[in-house]
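These notes concern the structure reproduced below.
The values are calculated or read from the model by the stated rules, or taken from the named source; none is laboratory data. Everything numeric in this text was worked out from a predicted model, so none of it was measured. Methodologically, a virtual Cβ is constructed for each residue, glycine included, from the backbone with ideal geometry; neighbour enumeration extends over all protein chains shown.
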């Protein structure tokens, strides 16, 4: 697994009076990236962190003060791809990180763990982290969570899976030092879960389910979930998604020791009981890490790409349908999906989301060799028919010159779409100055 690169260059900010700028997908400012994290806020995708390989043969971290916002809701019917870079330099800004896990709860992003490298005048400090940073999307301010003296904390780790449920953050698995390798083991949560040693490095995979409660009135912020059922083995770099029909988290794959897995589990969020899903049929995807998993329907999900046991970057798509039989067993049926994409679509350590029936894949690489961390460009693939409203707006977009021609509910969003897709040069009757004052939450709501 990657350790992570040294800290890199910052994005050049041309107009410091503006909190954001708009860039084309292929512009220099939108670097390739792996080890990043992504959350979906309504129909906006927020990418943060990670690193890339620069032309000078050096790794560079993306600046931790920038959010890379993909306005996916505006792009589902467009060929062009635009990014909105939003600058958030205030508060306890996190260091540059790769392999962290971000969870959206309410209007805050909770970023836990990851691999950190800090340069000081006399030393380089690096390793997995157990810190939790919070970005308040309303206040546009970072904060570092400080637990009370009586609260135990997780061991440092990276490459976790995570989600939000009932205003609490959940993090599963990961890779890092074990509690007894830390200077004071008594400070760490270790009563539940297993740690499996890496035979080649002084680190461990784990299968702990951590719960972080951001309620400031709670005495203990971090707890270990007491789970039941068939608990997944210790692993890192797995993928998960929420299945609405079962009010559960579907977990797939990941790595433990030298094995990349292809097993499926469902966690009932109400009871915290794990169930291993029995796979029916003869076809199933090979074991992998660093793939994406996204819900397609209330009981179906799509995996894409990843890194195989044969040390190959993958380009395949698989759909899994989860059914519950008459005796309460969960059964999974895999189907290979022919997308018509070429082999150049191989990706691992990417992030993905499905917005309005379209899959958006951000970042990733096609190999674990340093010189290959250069993949640029958002991969888009339609998984469902385009909504009729988007078809109509797509037809109108190039011809409408006055938004008065449109129904009132569409006028502001149509002008905003014109502003974003023209990179801030056109805004119809509102004028470009109208949108330049937009704050972060307004941008996310409009996309």
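Quick test of your reading of the structure: residue 364 fulfils all but one of (1) under 19 Å from the mean Cα position of the chain (by Cα); (2) buried (at least 22 other Cβ atoms within 10 Å of the Cβ); (3) on the phi < 0 side of the Ramachandran plot. Name the failing condition by number.
Failing condition for residue 364: (3).
In segment 33-46, what residues are farther than 23 Å from residue 113 by Cβ and in contact with a strand residue (DSSP E or B) (Cβ under 8 Å, 6 or more places away or on another chain)? Before the answer, list the steps.
Of the residues in segment 33-46, the ones farther than 23 Å from residue 113 by Cβ are 42-44.
Within segment 33-46, 43, 44 meet the criteria.
Just to be sure, is residue 146 closer than 29 Å to residue 218 by Cβ, surrounded by fewer than 16 Cβ atoms within 10 Å (Cβ to Cβ) and in contact with a helix residue (DSSP H, G or I) (Cβ under 8 Å, 6 or more places away or on another chain)? Spell out the reasoning first.
Values: closer than 29 Å to residue 218 by Cβ: yes; surrounded by fewer than 16 Cβ atoms within 10 Å (Cβ to Cβ): yes; in contact with a helix residue (DSSP H, G or I) (Cβ under 8 Å, 6 or more places away or on another chain): no.
No; evaluated as a whole, the condition is false for this residue.
Looking at segment 401-411, which of the residues that are without any contact (Cβ under 8 Å) to a residue 24 or more places away in the chain and surrounded by 15 or more Cβ atoms within 10 Å (Cβ to Cβ) is farthest from the chain's Cα centre (by Cα)? Can you show your working first?
Within segment 401-411, the first condition is being without any contact (Cβ under 8 Å) to a residue 24 or more places away in the chain, and the residues that meet it are 405-411.
From what's left, surrounded by 15 or more Cβ atoms within 10 Å (Cβ to Cβ): 406, 410-411.
Details: 406: 36, 410: 30, 411: 32 Å.
It comes out as 406.
Being surrounded by 18 or more Cβ atoms within 10 Å (Cβ to Cβ) and in a strand (DSSP E or B) is the filter here; which residues of segment 265-289 pass it? Show your work before the answer.
In the first step, residues of segment 265-289 are kept if they are surrounded by 18 or more Cβ atoms within 10 Å (Cβ to Cβ); the result is 265-267, 274-275, 277, 284-285, 287-289.
Correct list: 265, 266, 267, 274, 275, 288, 289.
For segment 321-361, how many residues meet the condition of being at positive phi and in contact (Cβ under 8 Å) with a residue 40 or more places away in the chain?
Taking segment 321-361 first, the residues at positive phi are 328, 340, 349, 356-357.
Remaining after also requiring in contact (Cβ under 8 Å) with a residue 40 or more places away in the chain: 349, 356-357.
Counting residues in segment 321-361 that are at positive phi and in contact (Cβ under 8 Å) with a residue 40 or more places away in the chain gives 3.
Taking segment 290-312 only, how many residues are farther than 26 Å from residue 357 by Cβ, without any contact (Cβ under 8 Å) to a residue 60 or more places away in the chain and either part of a strand (DSSP E or B) or touching a strand residue (DSSP E or B) at 6+ places or on another chain (Cβ under 6 Å) (or both)?
Number satisfying all stated conditions: 2.
Does residue 318 satisfy the criteria of being touching a residue at least 12 places away in the same chain (Cβ under 8 Å) and under 18 Å from residue 381 (Cβ atoms)? Outline the logic, then answer.
On the way: touching a residue at least 12 places away in the same chain (Cβ under 8 Å): yes; under 18 Å from residue 381 (Cβ atoms): yes.
Spelling it out, residue 318 is indeed touching a residue at least 12 places away in the same chain (Cβ under 8 Å) and under 18 Å from residue 381 (Cβ atoms).
Residue 138: in a strand (DSSP E or B), in contact with a strand residue (DSSP E or B) (Cβ under 9 Å, 6 or more places away or on another chain) and closer than 29 Å to residue 444 by Cβ, yes or no?
Details: in a strand (DSSP E or B): no; in contact with a strand residue (DSSP E or B) (Cβ under 9 Å, 6 or more places away or on another chain): yes; closer than 29 Å to residue 444 by Cβ: yes.
So residue 138 does not fit the description; no.
Among (1) modelled with pLDDT of 95 or more; (2) within 20 Å of the chain's Cα centre (by Cα); (3) on the phi < 0 side of the Ramachandran plot, where does residue 113 come up short?
(3)
Inside segment 260-277, can you point out the residues that are more than 14 Å from residue 233 (Cα to Cα) and free of Cβ contacts under 8 Å to residues at least 40 places away in the same chain?
Within segment 260-277, 268, 270 meet the criteria.
May I ask you to list the residues in segment 80-99 that are outside any strand (DSSP E or B) and over 22 Å from residue 59 (Cα atoms)?
Initial filter on segment 80-99 (outside any strand (DSSP E or B)): 80-81, 88-90, 92-96, 99.
Passing the criteria: 80, 81, 88, 89, 90, 92.
Select from segment 47-62 the residues that are assigned to a loop (DSSP other than H, G, I, E, B) and in contact with a strand residue (DSSP E or B) (Cβ under 9 Å, 6 or more places away or on another chain) and write down the one among them that is modelled with the lowest pLDDT. Show your work before the answer.
Filtering segment 47-62 for residues assigned to a loop (DSSP other than H, G, I, E, B) gives 49-50, 54-58, 62.
If we keep only those that are in contact with a strand residue (DSSP E or B) (Cβ under 9 Å, 6 or more places away or on another chain) as well, we get 49-50, 54, 62.
Numbers: 49: 97, 50: 95, 54: 73, 62: 94.
Per the stated criteria, the residue is 54.
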